[in-house]
Amino acid sequence: MTMEWNAAEYEVLAAPMTGWGARLLGRVGLRGDEAALDAGCGTGRVTEMLLERLPEGSVLAVDASAAMVEAARGRFAGDRRVRVERVDLLELEVAEPVDLVLSTATFHWIHDHERLFGRLAAALKPGGRLVAQCGGYGNISRVRAVAREVMEEERFRPYFEGWEDPWNFAGEGETRARLEDAGFGEVEVWTHDEPTGFGSFGELARYLKTVVLGRHLEALPEGEDDAFVGRVASRLGEEGALVVDYARLNILARRVA
Ligand SMILES: C[S@@+](CC[C@H](N)C(=O)[O-])C[C@H]1O[C@@H](n2cnc3c(N)ncnc32)[C@H](O)[C@@H]1O
C-alpha cells in the first residue's frame, strides 16, 4: 500500500531532493525532443527541470499519491507537453514506450525492486535510458535508529506493534543484478553521501514530519504525530547535530535493444 503525502508542505521543503535531481539531470545528454516518464513525480519540481531540457519533447509524470498528482496537475496546467497520471509504479503500463525514465527520491519507498525494474524496462523503447536516484544502502541510518528508539518509548510502543519498516535502501550489487535481470545493460550504479543540515530544531522537525517519517505517523493517532516527530528531532539534536544522514543510490542504465 502506498502512502499519502502533504503535497503543499513537500513543495516547500523539497529543496534537498530538487538539488540532487538537478545534479542528476546535469549528467544526462538530451536532444530536446525525447518522450520521457517521471516515475514518482511528486509535486513536479524535478519534472519542471526536465521539461526545461525538452522544448520539443513530452513528459508523462506519474505518482501514486492523489495529493501529489493534484499538485503536479496544477503546476503543469496548460503545458501540452505534460500529462500527469495517478499510477502505482508496480502496475505501470504505458500506451507508447518512452526514450527516458527519470526517477528521483522514489524507489526506496517501493519494496519490490524486481517488479519495479521490470515495469520500467517495459515502459522504455529498446535502447531507452533509465536515470534514477533514491535512498541507498545505509541511507538515514542515524535517523532510522533514533526513530526506532522513540518507537520503543512507552508512549508510542502500542501503536507500532506489527508495524513494518517502509523503506528499501538497496545496495549497489543487488541493484545492478536486478537491473540486468530486468533487461537493462550499460548499468552504472554508485552511492554517495548527502548529509543535510538544518538550522533549528523546528526546521528539522517540520522536515522529518513531511519528508521522512510519513509512514511512522500513519501508525499514530491524531495529535501524537507532533510529539513523535519532536522526540526524534530532539534526540537527533542531543546526539550532536541537526542532520539527516542521507546516502543516495544513483542508477544509469539502458534498456537492452
Ligand atoms: C520524496 S517524493 C519524490 C518526488 C520527486 N520525484 C522529487 O524528487 O521531489 C517520493 C514520491 O514517490 C511516490 N511514490 C512512492 N511509491 C510509489 C509507487 N509505488 N508508485 C508511484 N509513486 C510512488 C510518492 O507518492 C511521492 O510522491
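State which helices in the chain qualify, where a helix is a whole DSSP H run, it must extend 30 Å or more along its own axis by its Cα atoms, and its mean Kyte-Doolittle hydropathy must be at least 0.0.
Working: long enough: none.
Qualifying helices, which must be both long enough and hydrophobic enough, do not occur.
Need one number: the % of Cα-Cα pairs in the range 1-101 sitting beyond the 22 Å mark. Provide the component values of the computation, followed by the final result.
Working: 1295 of 5050 pairs.
Every Cα pair in the range 1-101 considered, those over 22 Å come to 26 percent.
Counting residues in the range 67-154 as N, plug N into 2.2 N^0.38 Å and put the Cα Rg over that result. Could the numbers behind the result be given before it?
Numbers: Rg = 16.9 Å, N = 88, 2.2 N^0.38 = 12.1 Å.
For the range 67-154, the normalised Cα radius of gyration is 1.40.
Limiting things to C-alpha atoms, what are the Rg and the maximum Cα-Cα separation (Dmax) for the chain, in angstroms?
Expressed in Å, the Cα Rg and Dmax of the chain come to 18.4, 57.
State the extension gain, in nm to one decimal, for the chain segment bounded by Ser141 and Ala95, taking 0.36 nm per residue of separation less the distance between their alpha-carbons.
Details: separation 46, 0.36 × 46 = 16.56 nm, distance 3.94 nm.
Value of the extension gain: 12.6 nm.
Under a plain spin-label model, where a point goes 7 Å from the Cα along Cα-to-Cβ, how far apart in nm are Glu222 and Asp88?
2.7
Just how much of Arg73 is accessible, in Å², when a 1.4 Å probe is used and the result is rounded to the nearest 10?
Looks like 120 Å² after rounding.
Please list, short to long, the whole-number percent of alpha-carbon pairs of the range 110-192 in consecutive 10 angstrom bins beginning at zero.
15, 39, 23, 16, 6, 0
With viscosity set to 1.306 mPa s and temperature to 10 °C, compute the Stokes-Einstein D of the range 104-257, Rh being the Kirkwood radius across alpha carbon pairs; µm²/s, no decimals. Intermediate values should be presented prior to the final figure.
On the way: Rh = 16.9 Å.
Estimated via Stokes-Einstein, D reaches 94 µm²/s.
Given the Cα-Cα distance of Asp193 and Arg31 and 0.36 nm per residue of separation, how much length would full extension add, in nm? Don't skip to the answer; put the middle values down first.
Details: separation 162, 0.36 × 162 = 58.32 nm, distance 3.03 nm.
Contour length minus Cα-Cα distance gives 55.3 nm.
Under a GNM of the chain (C-alpha, springs under 10 Å), which listed residue has the highest mean-square fluctuation: Pro221, Pro166, Pro195?
Highest fluctuation among the options: Pro221.
With the contact rule set at Cα under 8 Å and sequence spacing of 6 or more, what percent relative contact order holds for the range 70-145? Let's see the in-between values first.
Working: 67 pairs, mean separation 26.0, N = 76.
Computed over the range 70-145, the figure is 34 percent.
Which of Thr47, Thr175, Thr104 ends up with the largest GNM mean-square fluctuation for the chain, with Cα atoms connected below 10 Å?
Greatest mean-square fluctuation among the candidates belongs to Thr175.
Please compute the contact order of the range 102-185 in relative form: average sequence separation of alpha-carbon pairs under 8 Å and at least six residues apart, divided by the residue count, as a percent. It would help to have the intermediate numbers written out before the result.
Working: 66 pairs, mean separation 40.2, N = 84.
This gives 48 percent for the range 102-185.
FRET efficiency for Arg115 and Glu56, Cβ-Cβ distance as r, R0 = 22 Å, nearest 0.05?
Values: r = 33 Å, r/R0 = 1.49.
Calculated value: 0.10.
Considering only DSSP beta bridges with both partners in the chain, what is the antiparallel share in %, to the nearest 5?
On the way: 19 of 39 bridges.
Bridges in the chain are about 50 percent antiparallel.
What percent does the relative contact order of the chain come to when contacts are Cα pairs within less than 8 Å and at least six residues apart? Please report the intermediate quantities before stating the final value.
Details: 465 pairs, mean separation 54.3, N = 257.
This gives 21 percent for the chain.
Of the heavy-atom accessible surface of the range 104-162 (probe 1.4 angstrom), what whole percent is carbon and sulfur?
Numbers: 1270 of 2620 Å².
Using a 1.4 Å probe with all protein chains present, the range 104-162 comes out at 49 percent carbon and sulfur.
In the neighborhood of Asp33, defined by Cβ-to-Cβ distances under 12 Å, what is the net charge if each Lys or Arg adds +1 and each Asp or Glu adds -1? Intermediate values should be presented prior to the final figure.
Working: positive: Arg31, Arg53, Arg81; negative: Glu34, Glu56, Asp99.
Net charge in that neighbourhood comes out at 0.
In Å², and per residue, what accessible area does the range 204-257 have when probed at 1.4 Å with the other protein chains present?
Details: 2030 Å² over 54 residues.
Per residue, the range 204-257 has 38 Å² of solvent-accessible surface.
The values are calculated or read from the model by the stated rules, or taken from the named source; none is laboratory data. Keep in mind that this is a model prediction, so the values were computed, not measured. Because the Cβ atoms are built from the backbone with ideal geometry, glycine has one as well, and the counts that use them run over all protein chains shown. Please note that ligands, DNA and RNA were not included when accessible areas were found on the heavy atoms of the full protein model with its side chains. Shrake-Rupley method; radii C 1.70, N 1.55, O 1.52, S 1.80 Å.
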